[in-house]
1. So what are the radius of gyration and Dmax for the Cα set of the chain, in Å?
2. When only Cα pairs under 8 Å and 6 or more residues apart are kept, what is the percent relative contact order across the range 190-344?
3. When the solvent-accessible surface of protein heavy atoms is calculated with a 1.4 angstrom probe, in what order do 329, 228 fall, highest first?
4. Provide the descending list of Cα extents for the range 88-196 along its principal axes, expressed in whole angstroms.
5. Cα centroid distance between the range 171-243 and the range 256-333, in Å?
6. Put +1 on the Cβ of every Lys and Arg and -1 on every Asp and Glu Cβ in the chain; which of 104, 87, 32 then has its Cα farthest towards the positive end of the dipole?
7. Rank by packing, highest mean first: peptides 229-238, 208-217, with packing defined as the count of other Cβ atoms within 10 Å averaged across residues.
8. Taking a 1.4 Å probe, which of 48, 382 shows the most accessible area, and what order do the others take after it?
Amino acid sequence: MIKLRIMARLNSLIAPTGNGRSQADAWVVSAPGRVNLIGEHVDYNGGLVLPAAIDRRVVLTAWPLGRGRLRLRSRHAEREVEIDLLQPLQKGEPSWANYIKGVAAGFQRLGITVPGLDVEIDSTVPAGAGLSSSAALEVAVATLLEEVTGCRLDPTEKALLCQRAEHEFAGVPCGIMDQFASVHGREGHALLLDCRDQTFEHIPMSDPAVSLVIFDTKVKHRLAGSAYARRRASCEAAAAALGVETLREATLEQLEAANLDEETHRRARHVITEIARTADAAAALKSGAWAAAGDLMRASHRSLRDDFEVSCPELDFAADTAAVLEGVYGCRMTGGGFGGCVVGLVATEAVGEISDRLSVAYQKHTGIEPAVFLTRPSGGPLVESVPSGHVS
Ligand code: ADP
Ligand code: MG
């Protein structure tokens with residue numbers, strides 16, 4: 001493993017890039033995507049979430065460029081983008097560059113001059129699948145700018161800067177989970193994050209007999225953006241009706257006693273029960289009680305499907321099919337919903353069989369070829385290399 005890494009590092013250092021530049025003259029940094037094990041749609045309600053950074057990363061390779069220009073290329077986008085850093089940064093087209101502009105603007109706001117850079121973006125985090133490629137991209141850019149300027153941010157401040165970039169430049173009013181998971185990821189650990197006060201605890205999850213499997217349904221329904229805003233609004237309305245600041249402060253008893261309309265009641269019930277499930281799941285993982293953690297994941301899926309109504313037929317089919325397979329402790333949709341991925345907590349020895357059976361059944365049922373992969377809780381941002389002679 002270590003030998004492989006060193007070989008990869010050596011190869012990347014000596015390999016000239018397409019335009020003749022050597023990677024020895026470049027910064028290479030990366031940041032992970034994340035999978036949320038449980039605690040869905042609760043981060044913006046001040047709740048508890050339990051994500052893990054995954055071993056899929058956005059990797060940036062950057063060379064110095066003349067003052068005031070940021071040139072961006074992504075293997076996932078056709079067009080190259082050039083940004084004038086001497087003008088106020090504004091969101092625009094193409095939309096993928098907004099995540100990067102937003103982070104650069106965050107550094108400028110702190111009084112840090114963003115230097116000219118020529119940046120190549122590569123990634124193994126599928127975009128738009130609920131594994132937070134957007135946060136991985138933002139955190140990778142923040143890591144690059146820290147490294148190039150020598151101005152290192154407090155990790156939590158860094159996550160918040162990236163979240164603000166997503167709010168203001170990408171126009172996505174996300175909670176804090178994704179950026180926190182990417183910044184604070186630790187190998188062999190999940191992250192129990194309290195979104196009310198941003199405190200967190202790393203939960204060991206390194207038993208080789210248990211694995212995480214991610215099943216990408218490859219669908220993304222158009223509902224996602226507007227439904228997210230409506231769900232947030234329902235939660236805020238429920239909190240206001242219950243007289244609490246966020247649903248984190250509410251109890252099921254309070255909810256049952258209140259006179260909310262049926263739909264708002266169900267939305268709030270999901271949030272309140274999901275926060276309790278997340279605390280229980282963290283305790284179960286800590287003690288290696290995989291079956292108990294798995295049961296909580298199944299209950300989470302049902303609640304997201306029936307009470308919060310953010311699942312879709314493809315996610316339900318994958319989750320229902322996986323749930324009855326030998327070796328699956330539990331599984332659920334993960335991410336915002338209306339498509340994206342299912343995550344399973346499974347016995348490592350059964351991973352191959354589970355992946356095959358699930359893929360075949362899903363393709364037969366939906367006609368869509370899914371992607372399935374094994375992942376493990378991984379570390380946060382990495383500086384892979386800096387230009388020879390660079391001191392920051
Ligand atoms: P998720 O974060 O779940 O993957 P989002 O919709 O929040 O889904 O973010 C996906 C968006 O992030 C993409 O549409 C694109 O704009 C941007 N993005 C992610 N990865 C890359 C990449 N490698 N290159 C360019 N843009 C990317
Ligand atoms: Mg995202």
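1. 21.3, 69
2. Working: 212 pairs, mean separation 42.4, N = 155.
Value for the range 190-344: 27 percent.
3. Values: 329 65, 228 45 Å².
Per-residue accessible area, sorted high to low, gives 329, 228.
4. Projected onto the principal axes, the Cα atoms of the range 88-196 cover 37, 29, 28 Å.
5. 13 Å
6. Of the candidates, 87 comes out farthest on the positive side.
7. Working: 229-238: 17.1, 208-217: 19.5.
Top of the packing list down: 208-217, 229-238.
8. On the way: 48 25, 382 85 Å².
Greatest to least solvent exposure: 382, 48.
The values are calculated or read from the model by the stated rules, or taken from the named source; none is laboratory data. None of these values were measured; they are calculated from a predicted model. Every residue, glycine as well, gets a Cβ built from its backbone with ideal geometry; the counts of neighbours run over all protein chains shown. Areas reflect the complete protein model, heavy atoms only, side chains present, ligands, DNA and RNA absent. Shrake-Rupley method; radii C 1.70, N 1.55, O 1.52, S 1.80 Å.
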